[in-house]
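Accompanying notes for the structure given below.
The values are calculated or read from the model by the stated rules, or taken from the named source; none is laboratory data. Because the structure is a prediction, the values reported are computed rather than measured. As a convention, Cβ positions derive from the backbone with ideal geometry for all residues, glycine included, and neighbour counts pool all protein chains shown.
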Amino acid sequence: MILVIMIWLRLILFLCFLNLSLSELNNKKFPSDFFFGCATAAFQIEGAWNEDGKSPSVWDTRNHIVPSVISDNSTADIACDSYHKYKEDVALLKAIGVNHYRFSISWPRILPNGFDDYINPLGVGYYKNLIAELKANNIEPLITIIHGDLPQVLDDIGGYYSPSFPDWITDFARVAFKEFGDDVKYWFTFNEPYEVCIWDGAEKAYNCAANLLKAHAKIWHMYNEEFRATQQGKLSMVLNLNWYEPETNSTEDITAAETMLQFSWGFFAHPLYYGDWPEIMKTRIAYRSKLEGYNQSRLPEFTAEEIEYIKGTNDFFSLNTYTTSMVRAIPEPEIGQPDTTKDTGVYTYQPDDWPSAASPWLKIVPWGIRKLLKWLKNEYFDPDMLITENGYSDATGQLDDPIRTNYLREYLSNVKDAMDYDGVKVFGYNVWSLIDNFEWMNGYTQKFGLVYVDMNDPNRTRTRKDSSYYYQKVCETRCIVDECVE
Ligand code: NOJ
């Protein structure tokens, strides 16, 4: 009997999912000034890991651990070789027809000592050439200051945890603004700070987050004082995570989903917009820390001065989002080892029957992005929003990739619905990624590109996938279906 009920429940859930994901596609055109772009990151595409004066980043070190800790034993030593093939990348962007390109700059390539005592002219030159090539093709550069690749020399002296970290990265950002800022109007300080910090565990993650927030704010204030008047750019922190959907309509599940949204998006966004951590994080972490025997909360307290300093430092809201999770209310998890998941006090999962990408965490749930955008709008004072990453991975890099095309179509449709019907101010969208690239611990086993890169070919030959032609049509027509109305 229980089995029959379970099967029925699954079926109902699946039908709800189908219904939501197959709901009608939006047939209105995106605004003419909408940013359509693609995103990449230095470490994942450039290669040339020890060329022209570049020093190693923490990821170079990780890549070279013996035996390998990367799932396919690969490295990013050459990756897509974009350091040498950036003109090909720009030609692809041009052919696809995007008007923006989001990439990151490598700190150890520009400042091999980590500090600004020595600026590597070849490192700076590489990005100047890339920017010039983009500009020559009418593609606006959007730059991430750090996307994972912290210089190893700085990690050796405390890295993200050092009280001096905000000064170090502010010095790096100053070099970037001086060298490239006349041509760049949109800057991102950190990519996915949640991912940078959360894996360090419940004793360190919150300190890491506090330091990254201070670092972000310091860069923002420095830009304000030294560059904003002349360069007129905007800065934000790229936040990431999922939409969290309550499992049922019960008050408990709804509250649990809200708690999860605060622990994920609110972790960084709340300080950026209100100056301080979300109340629920403060209460829960203090409560659990006490029971665990700590004298004070594992969540550090910001001073009144820090709150003022951090508040209001996101000029627009930039987000990476790919998927959705369900949330269920559960009894208070047992007290024991400190644990960031237990700190949330809720249970999250993704049903097995949701279609999945090659990345196991990436279930295809197009309706989630609309709900997320609406929640963020309401929570953070109706900000201008830029989707800095969204995309789909497969394991093969196949050129015939209808699932990716569908993913893009349905997610874009939901983005447009959020704009049209929920009044969310989205001004741009970036596909992750332009080309198949190094997917961190997963090496080259999860391919997100609109363009295939042959990793066995020393030339790293690039071939466009079908989805790139679909996206080209979207860029051209601003329409995601065959025919649109204005
Ligand atoms: C988020 C990260 O910013 C990017 O580096 C990564 O490759 C993609 N998402 C896909 O996991």
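Tabulated data for the structure shown
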item: Subset of region 148-174 [buried (at least 20 other Cβ atoms within 10 Å of the Cβ), of a type in the set (Phe, Trp, Tyr) and either in contact with a Pro (Cβ under 6 Å, 6 or more places away or on another chain) or under 21 Å from Leu239 (Cβ atoms) (or both)]; result: Tyr160, Phe165, Phe172
item: Count - residues of region 430-446 that are among the hydrophobic types (A, V, I, L, M, F, W, C), away from the ligand (no atom under 11 Å from the Cβ) and part of a loop (DSSP other than H, G, I, E, B); result: 1
item: Condition check for Asn99: surrounded by fewer than 24 Cβ atoms within 10 Å (Cβ to Cβ), within 22 Å of Cys38 (Cα to Cα) and in contact with a Cys (Cβ under 8 Å, 6 or more places away or on another chain); result: yes
item: Qualifying residue in region 477-485 (condition: under 24 Å from the mean Cα position of the chain (by Cα), away from the ligand (no atom under 16 Å from the Cβ), hydrophobic (A, V, I, L, M, F, W, C) and at pLDDT 95 or above); result: yes
item: Matching residues in region 47-78 - criterion: being out of contact with any strand residue (DSSP E or B) (no Cβ under 9 Å at 6 or more places or on another chain) and surrounded by 16 or more Cβ atoms within 10 Å (Cβ to Cβ); result: Gly47, Ala48, Lys54, Trp59, Asp60, Arg62, Asn63, Ile70, Ser74, Thr75, Ala76, Ile78
item: Candidate set from region 188-207 (those that are in contact with a strand residue (DSSP E or B) (Cβ under 8 Å, 6 or more places away or on another chain) and not charged (D, E, K, R)); member that is nearest to the ligand (Cβ to nearest atom); result: Asn191
item: Selection status of Ala210, more than 16 Å from the ligand (Cβ to nearest atom), modelled with pLDDT of 95 or more, over 20 Å from Ser57 (Cα atoms) and among the hydrophobic types (A, V, I, L, M, F, W, C); result: yes
item: Residue pairs meeting the criteria (Cβ under 6 Å; at least 6 apart or on separate chains; first more than 11 Å from Tyr392 (Cα to Cα), in region 352-368; second assigned to a strand (DSSP E or B) and within 14 Å of the ligand (Cβ to nearest atom)); result: Trp354/Lys363
item: Strands (runs of 3 or more DSSP E) wholly inside region 250-361 containing at least 3 residues that are away from the ligand (no atom under 16 Å from the Cβ) and either at pLDDT 95 or above or β-branched (Val, Ile, Thr) (or both); result: 324-329, 346-349
item: Residue list for region 366-407, filter: under 21 Å from Ser264 (Cα atoms), within 16 Å of the ligand (Cβ to nearest atom) and in a strand (DSSP E or B); result: Leu386, Ile387, Thr388, Glu389
item: Residue that is farthest from Trp187 (Cα to Cα) [pool: residues in region 369-391 that are out of contact with any Asp or Glu (no Cβ under 6 Å at 6 or more places or on another chain) and free of Cβ contacts under 8 Å to residues at least 60 places away in the same chain]; result: Asn378
